[in-house]
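The structure under discussion appears below in the form of structure tokens.
The values are calculated or read from the model by the stated rules, or taken from the named source; none is laboratory data. Computed from a predicted model, the values in this text were never measured in an experiment. Using ideal geometry, Cβ is built from the backbone for each residue, glycine included, and neighbour counts are taken over all protein chains shown.
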Amino acid sequence: MLSSNTIALVKSTIPLLSQAGTAVTAHFYDRMFTHNPELKDIFNMSNQQSGKQHFALFNALAAYATHIDNLPVLAAAVERINHKHASLNILPHHYDIVGLHLIETLKELAPNEFTPDIEQAWREAYALLADVFITQEEGIYKTTEEKLGGWRNTRTFIVDRIVQESAKVKSFYLRSADNKAVVDFQPGQYIGVHVKPVECQNVQIRQYSLSGEKQPNGYRISVKQQGLVSNHMHSLKAGDEVELSPPAGDFMLQSNMSPKVLISAGVGITPMMAMLESIATLTQPPQTHFVHACINQAEHSFAKRVDTLTTDRIEINADIWYEQGEGHHQGRINLAQLSLPTESGEFYLCGPTPFMAAMKQQLLALNVAPERILYEVFGPHESL
Ligand code: HEM
């Protein structure tokens, strides 16, 4: 329990944290990577170069300070971070390192505002938060490890088969190297892929959504060639090895009979494929609308498979939009043109952030309740 004085002192730092500019965040990461270069094997160094991830930690700490007297409002956000951390195998001693560099950064860059009293309050508040994270993350590690086919940290998988799904997307069928069972996942979840691209000095970890039904002793992911790690993935051949952390993620298909609307753009189709495949196995599936946008036919992944899964199933239908070229609807998705279950449906979104923000606006304009809109962001999390 934090005292009311500690709570007040932590709250007084909200402006400092929420307005922490690039100077503060960059100082923190530079400091941390200089003293603890081993963490470069955990953090996404491409995001570090682009500055994309810099603000997530400080924004999260500002949110913590804001709601420190009513933490349950942060439960969903904390759960999302815990799953991300679990796929990165973040461990208790990492929290000491982050906590130390955080406090030292604030002392060094804001000596007048970050007084000794405030420093002491933050030490207590950070320890409490770290304790919540560590306990919840250990819960995820333990539950996954104890399930049939489960494991902790990483496990070696072999690339069994590679399939070109569209111009820039390849599917990788990954099989456990020991040829033993692998833990089940919920459609919508991701796995962590741990690789060391040749041009990189560090191990890099990326989360990829599972894109289909569980394979015999393995999984399928589908990767768009667009950066350091995905280039490395696209260079792999059948028989190569990759290290995987177990399935994680809180974006998952709810197993109830409410109508489902799966809306994706580009490679955001991947978690929707896992959802669609799982729905299609049901003898009595919920009413399902699969809505997808892509540039053109060449960039249209899983076109045939979606056709196969939706043809002759009265409960499942698909609407596809091409931004350019012939075939399907033309231009950008217009949800008002479709007859969607706006009152009772669950709406799942995945794609670039501006796309999801536009879809959310359209859904709100159709009177869909915000709590029925669920989404997955690829890359550092942003709210829509
Ligand atoms: C991602 C918060 C501790 C490593 C994130 C995200 C948030 C966050 C908000 C973004 C989640 C998303 O994109 O969905 C926090 C808070 C912490 C904490 C509040 C302390 C209480 C740690 C520690 C480590 C760590 C101890 C490891 C040393 C990472 C990494 C990512 C991440 C590697 C993924 C993004 C990237 O690679 O740049 N964390 N985190 N975090 N966190 Fe933490």
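Some observations on this one:
- Cβ-Cβ under 9 Å pairs, at least 6 apart or on other chains, segment 57-79 side more than 16 Å from V98 (Cβ to Cβ) and acidic (D, E), far side within 12 Å of the ligand (Cβ to nearest atom) and part of a helix (DSSP H, G or I): E79/Q136
- The requirement of being closer than 20 Å to E213 by Cα, in contact (Cβ under 8 Å) with a residue 12 or more places away in the chain and assigned to a helix (DSSP H, G or I) is fulfilled nowhere in segment 283-294; no residue meets it.
- Subset of segment 132-146 (residues that are within 16 Å of the ligand (Cβ to nearest atom) and farther than 14 Å from K84 by Cα): V132, T135
- Looking across V377, V368, one residue alone is within 16 Å of the ligand (Cβ to nearest atom) and without any contact (Cβ under 8 Å) to a residue 60 or more places away in the chain. It is V377.
- Positions within segment 78-98 being under 12 Å from the mean Cα position of the chain (by Cα) and within 10 Å of the ligand (Cβ to nearest atom), in sequence order: R80, I81, N82, H83, K84, H85, S87, L88
- Selection status of L100, in contact (Cβ under 8 Å) with a residue 12 or more places away in the chain and of a type outside the set (S, T, Y): no
- Residue match in segment 33-46 (condition: of a type in the set (A, V, I, L, M, F, W, C), without any contact (Cβ under 8 Å) to a residue 24 or more places away in the chain and touching a Lys or Arg at 6+ places or on another chain (Cβ under 9 Å)): yes
- Residue among A76, A56, A62 that is closer than 30 Å to E371 by Cβ, of a type outside the set (V, I, T) and touching a Pro at 6+ places or on another chain (Cβ under 6 Å): A56
- Against the test of being small (G, A, S) and farther than 22 Å from H93 by Cα, the options A56, A23 yield a single qualifying residue, A23.
- Flag for I68 being in contact with a Leu (Cβ under 8 Å, 6 or more places away or on another chain) and more than 30 Å from G239 (Cα to Cα): yes
- For segment 18-60, a tally of residues being more than 11 Å from the ligand (Cβ to nearest atom), surrounded by 16 or more Cβ atoms within 10 Å (Cβ to Cβ), part of a helix (DSSP H, G or I) and of a type outside the set (K, R) returns 4.
- Residue match in segment 219-240 (condition: of a type in the set (F, W, Y) and surrounded by fewer than 24 Cβ atoms within 10 Å (Cβ to Cβ)): no
- Cβ-Cβ under 8 Å pairs, at least 6 apart or on other chains, segment 144-170 side farther than 23 Å from Q186 by Cβ and modelled with pLDDT of 95 or more, far side surrounded by fewer than 17 Cβ atoms within 10 Å (Cβ to Cβ) and among the charged types (D, E, K, R): T156/D178; T156/E241; I158/D240; I158/E241; V159/K237; V159/D240; V159/E241; I162/K237
- Looking only at residues of segment 99-127 that are crowded, with 19+ Cβ neighbours inside 10 Å and within 16 Å of the ligand (Cβ to nearest atom), we find that the one that is nearest to T34 (Cα to Cα) is H101.
- Only one of S245, S235, S255 that is free of Cβ contacts under 8 Å to residues at least 12 places away in the same chain and more than 30 Å from V368 (Cβ to Cβ): S235
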